[in-house]
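Notes follow the structure.
The values are calculated or read from the model by the stated rules, or taken from the named source; none is laboratory data. Just so it is clear, the structure is predicted and the values come from calculations on it, not from any experiment. Please note: Cβ atoms are built from the backbone with ideal geometry, for glycine as well, and neighbour counts cover all protein chains shown. Quick note on the areas: whole protein, heavy atoms, side chains included, nothing else; ligands and nucleic acids left out. Shrake-Rupley method; radii C 1.70, N 1.55, O 1.52, S 1.80 Å.
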Amino acid sequence: MLDSPSAQVPALSLNDETADPDAFAAALGGSFERFGFAVIADHGVPQDLIDRAWDETKQLFALPEEEKRRYFTPAGGGQRGYTPFKTEIAKDARYVDLKEFWHVGRELPAGHRFAADMPANIWPTRPEGFKPVFLELFEAFDRAGDRLLSAIARHLKLAPDWFDHAVEDGNSILRLLHYPPIPADAEGVRAGAHEDINLITLLLGAEEAGLELLDRDGRWLAIKPPEGAMVVNVGDMLQRLTNHVLPSTTHRVVNPPPERRGHSRYSMPFFLHPAPDFLIETLPSCISETNPNRYPTPITAHDYLHERLVEIGLVKK
């Protein structure tokens, strides 16, 4: 499956957002409308921080299974800490995904109004540098995400700061993913075909290939960003907010060819979420005679997230 044709997603530089905000917004919006994906260079996340994060991630997943499972809280819906191998399943999929992961969320002060909806982080004892590295990386992703949301707002003819209130203290999640080596008789794939739940996802590139998007004509296209670039895709919350003007494109992570099956794959997506009480209500500018409102009933981000976590098996009914 890794001989899929490459998606011709243009690489954009976030530096252009400063130089010409309107032109960058048009290019970003055009890429999202065509693919649901964009490739972003010069994203502002320091490479030395990324390198440290990869190192900490590999050390974390190399820990003994028993030690990792100390940080697994089944009742928590996988929202913080460790989620074991073969736990998550794509909606309507037959087999569970061949992955394990760790979630880092936003640090909130004691007594914060979202404390009941956004659980506290779970920090491992080992590796020792884990917490400071991922607190720093979370903040870096947050900054990059804010700039991208500002460009999306411009593309939608909204005020550039339209999303600021929506994502203030948002329930964003930094996911550290490990796809272990694949045995010859493995059932399923590393990540089944799915769409993301959130507003946008910012993904740092993995060393191993495998990410594919489903194009309009039904073909799977491989995503191969330039070295150092970030892949950004539209999530279902933004698709719903924009009445599908910006599509949340189905994507997957396929298994490697036989000669690469002995290698692990790591990736670090940042799922940018709004605040739990943000009301996802169709933007009036995205409703027309040719595109009637698909979602006449608004829903809070918290309730929408819960519905989707049930669908993918992280929360039990």
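Remarks
- Given R0 = 25 Å, the distance between the Cβ atoms of Glu289 and His244 translates into a calculated FRET efficiency of 0.95.
- Extension reserve of the Lys316-Leu158 stretch, reckoned as 0.36 nm per residue once the Cα distance is removed: 53.1 nm
- Radius of gyration over Kirkwood radius for region 192-237, both on Cα atoms: the Rg/Rh ratio is 0.96.
- Separation of the alpha carbons by more than 26 angstrom is noted, of Lys131/Lys316; Lys58/Lys316; Lys58/Lys131; Lys131/Lys224, for Lys131/Lys316; Lys58/Lys316; Lys131/Lys224.
- Inter-label distance for Ala11 and His165, nm, one decimal - labels placed 7 Å from Cα along Cα-to-Cβ: 3.9 nm
- Rounded to the nearest 20 debye, dipole of the chain from Cβ charges on Lys, Arg, Asp, Glu: 840 debye
- Inverting the pair-averaged 1/r between distinct Cα atoms of region 173-317 gives 16.9 Å as its Kirkwood hydrodynamic radius.
- Under 12 Å, Cβ to Cβ, from Gly36 - net charge with Lys/Arg +1 and Asp/Glu -1: -3
- Intensity falloff of the chain expressed as log10 I(q)/I(0), Debye formula with alpha-carbon point scatterers, at q = 0.07, 0.10, 0.12 Å⁻¹: -0.26, -0.54, -0.81
- Diffusion constant of region 231-317 at 10 °C, which comes from Stokes-Einstein with the Kirkwood Cα-pair radius and 1.306 mPa s, µm²/s: 102 µm²/s
- The mean accessible area for residues of the chain, using a 1.4 Å probe and ignoring ligands and nucleic acids, is 45 Å² per residue.
- Gyration tensor (alpha-carbon) shape descriptor, region 19-119, a/c threshold 1.5: prolate
- Debye, to nearest 20: dipole size of region 114-205, +1 on Lys, Arg Cβ, -1 on Asp, Glu Cβ: 240 debye
- Looking at region 82-163, the chymotrypsin sites (Phe, Trp or Tyr not before Pro) that sit in a DSSP loop and have at most 14 other Cβ atoms within 10 Å of their own Cβ are Tyr95.
- Residue among Pro74, Pro258, Pro124 with the largest mean-square fluctuation in a Gaussian network model of the chain, springs linking Cα atoms under 10 Å: Pro258
- Label-point gap, in nm, between His263 and Leu49 - each point 7 angstrom along Cα→Cβ: 2.8 nm
- Environment charge of Gln239, counting only residues whose C-beta is closer than 11 Å and scoring Lys/Arg +1, Asp/Glu -1: -1
- Region 160-206-region 253-275 distance, computed between alpha-carbon centres (Å): 9 Å
- Protein accessible area in region 253-317, 1.4 Å probe - carbon and sulfur %: 54 percent
- Net charge, Asp48 excluded, C-beta distance under 14 Å - Lys, Arg +1, Asp, Glu -1: -3
- Taking the chain as a Gaussian network of alpha-carbon nodes connected by springs under 10 Å, the highest mean-square fluctuation of the residues His178, His112, His43 belongs to His112.
- Gaussian network model of the chain, Cα within-10 Å springs - most flexible of Glu307, Glu66, Glu136: Glu66
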